[in-house]
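Please read the structure below before turning to the comments.
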Amino acid sequence: MRVFVAGGTGVLGRRLVPQLVARGHQVTATTTSAAKLGLLQQLGAEAAVMDGLDAMSVGEAVAAARPDAIVHQMTAISPVHAGKPDIKHIDRWFAGTIRLRTEGTDHLLAAAEAAGVFHFVAQSYANWNGIRQGGWVKTEEDPLDPETGTVMRKGAEAIRHLEEVVLRAGGAVLRYGGLYGPGATDDQVELVRKRQFPLVGGGTGYGSWVHLDDAASATVLAVEQKARGVFNIVDDEPAPASEWLPHLAACAGAKRPMRVPKWLARLLAGEATVIMMTEGRGFSNAKAKRELGWELRYPSWRQGFKEELA
């Protein structure tokens with residue numbers, strides 16, 4: 001199968017491309033930087049420079065690749081694109097990604113239609129952002145939280161847009177959990193080691209994690225099976241921050257995280273941090289395992305954190 005990976009040099013794209021190539025697929029992968037073309041070629045892909053926010057650039061790249069499937073992995077979260085992580089002002093920090101999830105998605109879908117590409121797989125998000133009502137673990141039948149009246153609202157609206165248009169086009173939406181693995185959590189681990197990543201309140205908010213390699217393998221299955229619909233791509237163990245954060249610190253060789261009250265965390269780190277760590281909802285992966293036949297190399301963050309930070 002000819003597979004077009006938009007965003008091939010991101011932390012997930014760099015794990016996805018080799019898996020697709022190893023399965024015998026012909027891959028064209030994109031980057032925004034000509035300096036990274038060689039990296040994509042080393043991973044086994046045909047490489048192309050593409051600006052995901054430029055409709056003409058996207059259309060030309062897709063037309064030249066003549067793919068059977070398109071995989072949308074475009075984000076702008078890396079420091080090169082977004083600057084230093086700033087969760088207190090997450091709407092500013094994620095501004096580029098918000099545009100890629102709205103305008104970029106629309107450009108890719110238009111290019112797919114023009115080129116006669118009928119299979120589309122797109123990256124979404126399922127870490128802590130399940131609807132903050134009812135139980136602590138959500139399925140694909142539960143809505144994501146709209147974040148009304150919060151600093152996360154624009155990001156939530158962008159995700160909702162992406163999911164709606166991709167599903168309308170008959171594609172697959174993969175809601176990845178918090179990604180960890182090579183290059184994915186370096187900033188967070190550094191903060192943990194400096195004791196600048198405290199537990200907030202009781203740390204009761206749940207989150208879901210997934211290793212990059214497991215996220216990539218689920219994506220390969222979605223491509224090969226021409227999957228449709230929404231899938232939570234998370235590990236087997238959604239857990240509260242009071243469990244995963246101290247374990248992350250221990251694996252990183254750091255002291256146990258400090259604990260701060262919600263009012264102080266809101267002043268220092270902002271509303272998003274408080275909501276994530278005290279009210280967040282995790283996700284179930286039962287559907288992806290059942291319908292895609294997905295098997296995880298890292299069923300739990302407990303094992304994954306330990307191996308990655310050994």
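The values are calculated or read from the model by the stated rules, or taken from the named source; none is laboratory data. Keep in mind that this is a model prediction, so the values were computed, not measured. Note that we place each Cβ from the backbone using ideal geometry, even for glycine, and neighbour counts take in every protein chain shown. For the accessible areas, the whole protein counts, side chains as well, though only heavy atoms, and no ligand, DNA or RNA atoms are used. Shrake-Rupley method; radii C 1.70, N 1.55, O 1.52, S 1.80 Å.
Per residue, the average separation of C-alpha pairs within less than 8 Å and at least 6 apart gives the range 45-199 a relative contact order of 24 percent. Here the peptides 181-193, 66-78 are ranked by packing, the mean other Cβ count within 10 Å, and the order with the highest first is 66-78, 181-193. Carbon-plus-sulfur accessible fraction, the range 140-183 (probe radius 1.4 Å, protein heavy atoms only): 49%. Normalising by residue count, the range 133-198 has a Cα convex hull of 154 Å³ per residue. Relative contact order of the range 192-267: 55 percent, from C-alpha pairs under 8 Å at least 6 residues apart in sequence. When the listed pairs K154/K255; K36/K226; K36/K255; K84/K255; K138/K226; K154/K306 are checked against a 31 Å cut-off, the alpha-carbon distance exceeds it for K154/K255; K36/K255; K154/K306. Per-residue ellipticity at 222 nm computed for the chain from its helices equals -12000 deg cm²/dmol, with DSSP H segments shorter than 4 residues left out and the rest contributing -39,500 (n - 2.57).
Could you please state how large a percent of the accessible area of the range 193-244 is carbon and sulfur, counting protein chains only and using a 1.4 Å probe? C and S atoms contribute 47 percent here.
Relative contact order of the chain, taken over Cα pairs closer than 8 Å and 6 or more residues apart, is 19 percent. For the pair E190 and V80, the difference between a 0.36 nm per residue extended length and the Cα-Cα distance amounts to 37.8 nm.
For F118, neighbours were defined as the other residues whose beta-carbon sits under 15 Å from its Cβ, and their charges (Lys and Arg +1, Asp and Glu -1) total +2. In the list (i) 54, 41, 39; (ii) 57, 45, 43; (iii) 78, 51, 34, the label attached to Cα extents along the principal axes in Å as derived from the coordinates here is (i). Label-to-label distance, E224 versus W136, with points set 7 angstrom from Cα along the beta-carbon direction: 3.5 nm.
If both residues of a DSSP beta bridge must be in the range 87-229, then about 10% of such bridges are antiparallel. Accessible surface computed residue by residue for the chain, with neighbouring protein chains in place and a 1.4 Å probe, gives 44 Å² per residue.
Classify the range 69-167 as rounded, prolate or oblate, taking a ≥ b ≥ c as the square roots of the eigenvalues of its Cα gyration tensor: rounded when a/c is under 1.5, otherwise prolate if a/b is larger than b/c and oblate if not. Since a/c reaches 1.5 but b/c is at least a/b, the shape of the range 69-167 is classed as oblate.
For the range 37-81, the carbon plus sulfur part of the accessible surface works out to 52%, probe radius 1.4 Å. With the highest mean first, a sort of the peptides 88-100, 237-249, 210-222 on other beta-carbon atoms found within 10 angstrom per residue produces 210-222, 237-249, 88-100.
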